[in-house]
Structures are given as structure tokens and as C-alpha cells.
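To start, the structure under review is shown below, and the notes come after it.
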Amino acid sequence: MLVMGIESSAHTFGVGIVEDGKILSNVKDMYQIKDKGMIPNKVSLHHLKCADKVIVDALEAAGVRAGQLDGIGYTMGPGLGPCLQVGMLSAKAMAHTLGIGVTPVNHALGHVEIARAYAGLEDPLVLYVSGGNSQILKVSQDRFRHYAVLGETFDMGIGNMLDTFAREIKLLPAWGSSVEKAAAGGKYIELPYTVKGMDFSFSGLLTRLVELSGKEKKEDLCYSLQETAFSMLCEATERALLLTRSRELCVCGGVAQNTRLRNMLAQVAAEHGAKFGFGPNEFNADNGGMIAFVAERMLKAGKRVDIKECVVKQRYRIDEAEVF
Ligand code: FE2
């Protein structure tokens, strides 16, 4: 089956093409965040302007024509409403014109399933860490097969916390990756640490970091932020690993690109004899390939949705999405 996937939930408009589980192309255009974060209407305008070019580039990179596609998937949510709508409308227009099936895909499920496949893991405990989400997940073997949320953030996603702090201390680009670079050589400062069972909270940590910015060295703040926030994630993940007796641990999502977090999780997994893995960074960042990957499985399972019933859902949780 030849399937296109369109991702547009946040800053990235991405289009991927997959054939029988193999990614043939994965093209994207990213809205550049300056000093004010993401304003949904501005980001959706960016997506509108680049959509046709990204779609054509993805087809060319895969070496296929639109007429050869068997189906199309788009990100239904979670994400920013105006941005999600650009991807949905693009997918609906193509599905209608080409007379092919269309299916809505959960964004988080895209990250998890492609990371799991690339890492060669069967049934892992998953730490999903991105801008808007931070969750500990495990497949529930009910009749409705889905990822159950064992633990999650009480307030903001860790990625948004990192990006907000990067903007606060004027790092450019204002991403978590800049925080990671700035953390090199830093010293530890004690910061608020909030874990409740398998849940955690980042807002108190961010408030304290903002209070300290300008008073402490940037490298010390970035280093201490990473050590504190990642230790919180590791503590909650370790608890979930013991509770579920999982033999595998997977990390995915934008913040899974952070080397320090990966190393800390690898240590947790090693201490409990669990196999640890993650996918390529290309799929931890937002991309259309992962949407195509999940959409193909859904379409093969007959999960085709009438074009008139295609919608977006800004707060579409992963535990509402069936796993095929
Ligand atoms: Fe994402």
C-alpha cells in the first residue's frame, strides 16, 4: 500500500510517503519561532503558504505520482486548531480529487509507533516527551487496544518548559536543543523537584528558573534545569518500569533528541535489565513520515473515514486512539 501522511499540529508542516511500512520520503517546512513563541494563526498561515510545495516535494523525493497513492492520513490532534485544519483540508482535498481513502491519525501515536518500530521493540514502556506532552505509556491489551497513560505532567509539557526558558534567557534559536548546548560545563543549583507517583509537574521549576535568570550563570541554570527535570522523568519512569515489569523501555518525541536524557534513561533501563531504544531524530521531531506510517496500518485494517466526517481535535489524547 502506498500512503501519504500530513503533519501540521504545531510549527512543522510535514509530508511523508510510506509503502508497506517503509518510509520513502519525509519532507518538511518549519515555522521559525522568534522571541514570542507560536501564535497559532501565524503558524497556520505559514502552513497554508508551504503546503503545496511540501506535498509536491515529498512525492518527487519518493519517486511517485499522486495518482499512485492508495490512501492518505492526516494529524487529527493533539495540536493547535488553525494549524491542524490546514493539514486536514489538504488531506481531504487530495482524497476527494484522487478518490482514495483518508484516515485521521493521533500525533502522539505517530511518534510512539515509529520509534518502537525503528528501535526494534515489541511491547515497551514508553516515555513520550514533546512540547505539549509528557507521558508514560504502555499498551493496554483490552478489546480496544490502546496506549494507557500511566503517568503524565500535571501542567506543561517538558518541551514547552525548555522552550519557554530558552526564550526567557534569550537563547537562539529558542529551543530545548539550545538549552542542552548551553548546559555544557554548568554547575548544579538546587531547584524545585515535583514527582507524585508516576506524575510530575514542571511549572514550579520554570517559575524558579525565571526568578534566578540574570542572577545566576546561564550554563548553571541550563545544567540544573536538565538534571532536575530529567531526574523527575527518570524517577517516574523507573517506578512505571517496576510496576509494569516491562522488559523494554522506549523514549520518543522532540525532547527524546536530548543526549543527556537518553543517557539517564539508558542507565535506568540497564539497572533493571531492560532493553532501551529510541528512533532516529528525524522521527522524534515532528514529521509526516510517522503519520503516513500509522495511517497505512489503519487503512490496511479498514479504518477509512468518510471525508465529511474528517475533523480535527485539539485535545485528542493518545489513550483515545486505537493501536493497529
Ligand atoms: Fe510531536
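Mind listing just one residue for me: the one in the stretch 111-151 that is in the same structural domain as R239 (by TED's automatic domain parsing), within 13 Å of the ligand (Cβ to nearest atom) and of a type in the set (G, A, S) and, of those, surrounded by the fewest Cβ atoms within 10 Å (Cβ to Cβ)? Checking each candidate, the answer is G132. Take the conditions (1) touching a residue at least 24 places away in the same chain (Cβ under 8 Å); (2) surrounded by 20 or more Cβ atoms within 10 Å (Cβ to Cβ); (3) within 24 Å of the chain's Cα centre (by Cα); A166 misses just one of them, which is (1). Against the definition (surrounded by fewer than 20 Cβ atoms within 10 Å (Cβ to Cβ) and modelled with pLDDT under 95), how does F154 come out, yes or no? Judged against the criteria, F154 is not a match. The residues of the stretch 213-267 that are farther than 24 Å from A108 by Cα and either exposed (fewer than 15 other Cβ atoms within 10 Å of the Cβ) or under 18 Å from the mean Cα position of the chain (by Cα) (or both), listed by number, are S213, G214, K215, K217, Q267.
Name the residues in the stretch 12-40 that are modelled with pLDDT of 95 or more and not aliphatic (A, V, I, L, M), would you? So that I can check it myself, show each step before the final result.
Going residue by residue through the stretch 12-40, those that are modelled with pLDDT of 95 or more are 12-30.
Across the stretch 12-40, the qualifying residues are T12, F13, G14, G16, E19, D20, G21, K22, S25, N26, K28, D29.
Is it the case that V305 is in contact (Cβ under 8 Å) with a residue 12 or more places away in the chain and either outside the structural domain of P104 (by TED's automatic domain parsing) or under 19 Å from the mean Cα position of the chain (by Cα) (or both)? No; evaluated as a whole, the condition is false for this residue.
Return the residues of the stretch 1-32 that are surrounded by fewer than 19 Cβ atoms within 10 Å (Cβ to Cβ) and within 16 Å of the ligand (Cβ to nearest atom); say none if nothing qualifies. Once the filter is applied, which keeps residues that are surrounded by fewer than 19 Cβ atoms within 10 Å (Cβ to Cβ) and within 16 Å of the ligand (Cβ to nearest atom), the stretch 1-32 yields D29, M30. V105 meets all of the listed conditions (1) buried (at least 23 other Cβ atoms within 10 Å of the Cβ); (2) part of a helix (DSSP H, G or I) but one, namely (2). Out of the stretch 189-232, which residues are more than 20 Å from S178 (Cα to Cα) and touching a strand residue (DSSP E or B) at 6+ places or on another chain (Cβ under 8 Å)? Within the stretch 189-232, T194, G197, M198, D199, F200, S201, M232 qualify.
A quick yes/no check of all residues on (1) in contact with a Leu (Cβ under 7 Å, 6 or more places away or on another chain); (2) under 19 Å from N258 (Cα atoms); (3) small (G, A, S):
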{"residue": "M156", "(1), (2), (3)": "no, yes, no"}
{"residue": "T164", "(1), (2), (3)": "yes, yes, no"}
{"residue": "K181", "(1), (2), (3)": "no, yes, no"}
{"residue": "A184", "(1), (2), (3)": "no, yes, yes"}
{"residue": "S213", "(1), (2), (3)": "yes, no, yes"}
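G77 meets the stated requirement of being at positive phi and either of a type in the set (A, V, I, L, M) or within 16 Å of the ligand (Cβ to nearest atom) (or both). Considering every residue within the stretch 41-50, establish whether at least one is at pLDDT 95 or above, of a type in the set (A, V, I, L, M), surrounded by 19 or more Cβ atoms within 10 Å (Cβ to Cβ) and more than 16 Å from the ligand (Cβ to nearest atom). Within the stretch 41-50, none of the residues are at pLDDT 95 or above, of a type in the set (A, V, I, L, M), surrounded by 19 or more Cβ atoms within 10 Å (Cβ to Cβ) and more than 16 Å from the ligand (Cβ to nearest atom). Scanning the stretch 173-195 for residues that are aliphatic (A, V, I, L, M) and surrounded by fewer than 11 Cβ atoms within 10 Å (Cβ to Cβ) yields a single hit, A184. Would you pick out the residues in the stretch 256-301 that are under 19 Å from R239 (Cβ atoms) and either within 16 Å of the ligand (Cβ to nearest atom) or among the small types (G, A, S) (or both)? L261, A266, A269, A270, G273, A274, listed by residue number. Here T97 clears all of (1) outside the structural domain of R245 (by TED's automatic domain parsing); (2) within 16 Å of the ligand (Cβ to nearest atom); (3) of a type in the set (S, T, Y) except the condition numbered (2).
The values are calculated or read from the model by the stated rules, or taken from the named source; none is laboratory data. These figures come from a predicted structure and were not determined experimentally. No Cβ is skipped: glycine too gets one built from the backbone with ideal geometry, and neighbour counts run over all protein chains shown.
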